[in-house]
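Written out below as structure tokens is the structure these notes cover.
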Amino acid sequence: MFKINDNYLKLPGSYLFSTIAKKVNQFTVENPDKKVIRLGIGDVTQPLAPAIIDTLHHAVDEMAKAETFHGYAPDLGYEFLRTAIRDNDYAARGCDIQADEIFVSDGAKSDSSNIQEIFSLDNKIAVCDPVYPVYVDSNVMAGRTGTYDPATECWSNVIYMPCTAENNFAPEFPEKDPDLIYLCFPNNPTGAMITKDQLQAWIDYANKIGAIIIYDAAYEAYISEENVPHTIYECEGARTCAIELKSFSKNAGFTGTRLGYTVIPKDIKSNGVMLHSLWARRHGTKYNGAPYIIQRAGEAVYSEAGKAQLKEQVAYYMNNAKVIMEGLKNAGYEVYGGVNAPYIWLKTPNQMTSWEFFDYLLEKANVVGTPGSGFGPSGEGYFRLTAFGNYENTVEAVERIVRL
Ligand code: PLP
């Protein structure tokens, strides 16, 4: 008789975005004349940039001829893409990362949820709270967490590191030493960033206690301030304790096209075994590689035309962020983020819970956002708006909220 992996059953039934979708569907059925504006989900809305589209067309044509056809991609990804990543994302910033330490994938969601497979189930994980839910959920599925307590909204065996207005949304070292530390900066959902000194302190801490930092830099392209790190490898000592996850989704609009990469330096070892070789083994066995066409499109992200066009896209979203930030600030809201990330994190007014504010905003302004509590217990009393909408809708949504 087969048995299921009953760790899956531990996950609370209703995932954040499906609950939102249900509520919004019900509202639109009951109010067919109302225009609902979605500032909730973290998907991009701008089309792929022309430099990427041109490259895609060209790569498709290559697949039509025997001489230029490509079958299975190399396990780590094509050399042309890994070299472009190394040159632009690392060497140009003075970071010592080699092309063969870069693993091309279909995106940061898969990598951030799969990376835990190469670690023992005994490892204790620590996560920023609130944060992108995939880190905890994937550890739940693996059986690394204990049980969920609906009252506290916490899992046993998970170290939560609160990130709130009180600590400027930067986590403090936990009381108990973790083995795997998930850091996400710029942060989803708070939009917060940490300074280079703060990140350096995390590296020093991880090296001291023998922990690994899994650093999710999916929103790196949105950084606008000086003195904040674009990659964890700007910090000294990161090569022995840090894995970095990157995505082409948010900087280049690949949410539907799918492309990302993970960096594992060869200096990270446990009892002489390189994590790099374990992840290479996993890539070779459990992953089919991102398609040639898509990896060529990724290479175009680093072309001169690609860089210029994508800079404009990021600026477009960040202008939306400014509209939201300024509008809500003027209306008396307490707002955070929005400077180094396309996310605006606001304190709910009048001590409403996150879901109360969700309902209020949907009913009164017909605007959809994301309840902060869906990202972890410390997100309760906060709310996330995103800058990924189009400009006109963003302006209209802010005007409606301001009028409430
Ligand atoms: N990491 C963070 C922090 C995210 O917020 C998201 C998507 O919202 C992802 C990773 C997923 O990236 P990808 O589209 O590359 O899977």
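Structure data summary
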{"quantity": "Options K269, K250: the member that is modelled with pLDDT of 95 or more and within 16 Å of the ligand (Cβ to nearest atom)", "calculated": "K250"}
{"quantity": "Tabulated pairs, the stretch 260-278, first within 17 Å of D179 (Cα to Cα), second of a type in the set (F, W, Y) and open to solvent by 70 Å² or more (accessible area, probe 1.4 Å), C-beta under 7 angstrom, 6+ apart or interchain", "calculated": "none"}
{"quantity": "Residue satisfying condition, being free of Cβ contacts under 8 Å to residues at least 40 places away in the same chain and of a type in the set (G, A, S), within set A242, A218, A252", "calculated": "A242"}
{"quantity": "Those helices (runs of 4 or more DSSP H) lying entirely in the stretch 1-94 with at least 3 residues in contact with a Leu (Cβ under 8 Å, 6 or more places away or on another chain) and free of Cβ contacts under 8 Å to residues at least 40 places away in the same chain", "calculated": "none"}
{"quantity": "Residues (among the β-branched types (V, I, T) and open to solvent by 20 Å² or more (accessible area, probe 1.4 Å)) located in the stretch 159-183", "calculated": "I159, T164"}
{"quantity": "Hey, I125 within 22 Å of K269 (Cβ to Cβ) and crowded, with 17+ Cβ neighbours inside 10 Å or not", "calculated": "yes"}
{"quantity": "Breaking point among (1) part of a helix (DSSP H, G or I); (2) acidic (D, E); (3) surrounded by fewer than 18 Cβ atoms within 10 Å (Cβ to Cβ), for D111", "calculated": "(3)"}
{"quantity": "Breaking point among (1) open to solvent by less than 50 Å² (accessible area, probe 1.4 Å); (2) outside any loop (DSSP other than H, G, I, E, B); (3) charged (D, E, K, R), for R144", "calculated": "(2)"}
{"quantity": "Selection status of G381, closer than 12 Å to P189 by Cβ, small (G, A, S), in contact (Cβ under 8 Å) with a residue 24 or more places away in the chain and surrounded by 17 or more Cβ atoms within 10 Å (Cβ to Cβ)", "calculated": "no"}
{"quantity": "Test for S120: is it among the hydroxyl-bearing types (S, T, Y) and open to solvent by less than 30 Å² (accessible area, probe 1.4 Å)", "calculated": "no"}
{"quantity": "Count - residues of the stretch 190-208 that are open to solvent by 50 Å² or more (accessible area, probe 1.4 Å) and over 26 Å from Y317 (Cβ atoms)", "calculated": "4"}
{"quantity": "Residue check for Y160: part of a strand (DSSP E or B) and of a type in the set (F, W, Y)", "calculated": "yes"}
{"quantity": "Top-ranked residue in the stretch 18-52 [being more than 15 Å from L362 (Cα to Cα) and not small (G, A, S); ranked as least open to solvent (accessible area, probe 1.4 Å)]", "calculated": "I52"}
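Okay, residues lined up against (1) surrounded by 15 or more Cβ atoms within 10 Å (Cβ to Cβ); (2) among the small types (G, A, S):
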| position | (1), (2) |
| --- | --- |
| S303 | yes, yes |
| K329 | no, no |
| G332 | no, yes |
| N340 | yes, no |
| W345 | yes, no |
| F357 | yes, no |
| E363 | no, no |
| Y391 | no, no |
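The values are calculated or read from the model by the stated rules, or taken from the named source; none is laboratory data. Not measured: the values here are computed from a predicted model. Ideal geometry is used to build each Cβ from the backbone, glycine not excepted, and the neighbour counts take in all protein chains shown. What goes into the accessible areas is simple: the full protein's heavy atoms, side chains included, and nothing from ligands, DNA or RNA. Shrake-Rupley method; radii C 1.70, N 1.55, O 1.52, S 1.80 Å.
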